[in-house]
Structure formats: C-alpha cells, structure tokens
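Taking it in order: structure first as structure tokens, then the write-up.
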Amino acid sequence: MKSITVYEFRFSLYKIYTSILLLFLSLIISSFLQFPTVLAQGTTNIYDLYNKGADQDSLGNYNQAIEFYDKALAINPNYTNALTGKGVALAKLGDHTGAITYYDKALAVNPNYINALTNKGVALDRLGDHTGAITYYDQALAIDSYNTIVLVYKGFALDELGNHTGAINYYDQALAVNPNDINAQTYKEIAVNNLSNSTEPIKSYNENLTKNPIYVNTSNIQDFIYLVIATILLKVNHIVKTLLI
C-alpha cells in the first residue's frame, strides 16, 4: 500500500477546502440571483408597499396612497400600519366615517395600537362627537401619558365641549413635555380667549391639527445577509486552517 507524504495530505485537504468554498460561494451567488424574486413575493414586500403609500400620503396624493395600502393589505389584511394609513388617507379626503372603519379594523387586531386610537379620536372630533373622541384619547393616554399629540387633541375636544379650563390643563401638560409645541401654544391661547368670554372669540380650525401616520422604516435585509455570510466564511476558513496546521 502506497503511503502519502505530509505534503500530499495537506494538498488533498486544500483541494477539499477549495471545493467546499466554491460550493458555498455558488450557493450564495444563486441565492442572490433569486433575491429580487423572493423579495417581490415575500412578506418583506409589504413594508415596501406601505412605505410607498406613506410617501404618497406625505405628497398629498391620497388616492395613490390608498392604492399602495390596498396592495399591502392584499398580502396581509391584518397589517395594522396599512389599515391605519388607509384610514388617515380617507380622512384627508374627507371620508371620516370610512376612516373609522379602517381604524376599527386595526384596533380589532391590536386594541392598544395608539396610532389607530388617536386617529379614531380625531375622526370623531371631525364628525362633531367630541365626547366619543375623548374616550379614545383617554385610551391612548393610558398607554402613553406623555404623548403631546394626544394631549393636545384631548385639549381641543374639551375646548369644543366648553370645558376651557380642562382644555388649558391638557395643553399645559403637553407644554410641560415639550415647551416648544406650537399646537399646544396656539390652542392654549384659543382656550384662554374662550375662557375669558372674548367679544370676538377665536374660531378653532380642526384642519390645523393634523396627525401623520407612523411610518415603518424597512431594515436593509441585504446588508444583514452579507454580514451573516461573511461570518460563516470566516468560521469555515478558521476550521480548515486549523486542520491544515
């Protein structure tokens, strides 16, 4: 039986090591060639669709925003961000009743979703149901008592109900969190004027109070995959080099 030298043995291990690396790299390349298709078909696409809807909403293209939210909801009908986003877009188009329908769908999935709670309160305010609005603002504040947006909204609803002192109290709470909150400052002045029975009371314009949906930033999935692959390659390289020593 022919014996092999140390050099031949190491050379054999080197060939095995090279073959493993080539196989591994071919699998990586194959995966990345398929990545766009997987991304388009996978659940990650829902975030891209949602963000496109949010972008259209920020540009004032509410109908286009709804189209993207609908595409996201076609993938996952229980996606609370898209449900609430569509509600916000409908509200901006003046359909507050339709907006509430989508906020309710989001709340059916997650009763503590503060964005849907707040926006439902806003929609009820727009429809003149200030008492109903306060119910949802209170639920939102039970989750986040320092949310200045909700504090201002509750102050607005109280002021519309004639409770100007109560309104001022909530504006003050918002200003205690953020002394530079323009909405809190402006609407506190309105409430103070209303409280003092000014002969020319300042009219409250609901449209000045706006609530933007919370946008989801997608993570860079490819960067994460690159990091995992690099880590694996380093581990394989370390193991093989140990065998060659």
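Every number in this text was worked out from the coordinates using simple rules, so none of it is lab data. Keep in mind that this is a model prediction, so the values were computed, not measured. Virtual Cβ from ideal backbone geometry, glycine too; neighbours counted across all protein chains shown.
Under 9 Å between Cβ atoms, at least 6 apart or on separate chains: pull out the pairs that start in the range 154-166 with a residue that is among the charged types (D, E, K, R) and end on any residue that is outside any helix (DSSP H, G or I).
Listed by first residue and then by second, the contacts come to Asp159/Ser204; Glu160/Gly128; Glu160/Ser204.
I need the full set of residues from the range 45-91 which are among the polar types (S, T, N, Q), farther than 23 Å from Asn112 by Cα and surrounded by fewer than 19 Cβ atoms within 10 Å (Cβ to Cβ), in order please.
Kept after step one, since they are among the polar types (S, T, N, Q), are these residues of the range 45-91: 45, 51, 56, 58, 61, 63-64, 76, 78, 80-81, 84.
Next, from what is left, pick out any that are farther than 23 Å from Asn112 by Cα: 45, 56, 58, 61, 63-64.
Selection gives Asn45, Ser58, Asn61, Asn63, Gln64.
So, of the residues in the range 127-138 that are buried (at least 19 other Cβ atoms within 10 Å of the Cβ) and out of contact with any Gly (no Cβ under 6 Å at 6 or more places or on another chain), which turns out to be nearest to Ile190 (Cα to Cα)? Give the derivation first.
Step one: list which residues in the range 127-138 are buried (at least 19 other Cβ atoms within 10 Å of the Cβ), which gives 130, 133-134, 136-137.
Now restrict to residues that are out of contact with any Gly (no Cβ under 6 Å at 6 or more places or on another chain): 130, 134.
Numbers: His130: 17, Ile134: 19 Å.
Only one residue tops the list, namely His130.
Here is a list: Val192, Val122. Which entry is of a type in the set (A, V, I, L, M), in contact with a helix residue (DSSP H, G or I) (Cβ under 7 Å, 6 or more places away or on another chain), surrounded by 21 or more Cβ atoms within 10 Å (Cβ to Cβ) and assigned to a helix (DSSP H, G or I)? I'd like the intermediate steps shown before the answer.
Values: Val192 fails: surrounded by 21 or more Cβ atoms within 10 Å (Cβ to Cβ).
Just a single option satisfies the conditions, and that option is Val122.
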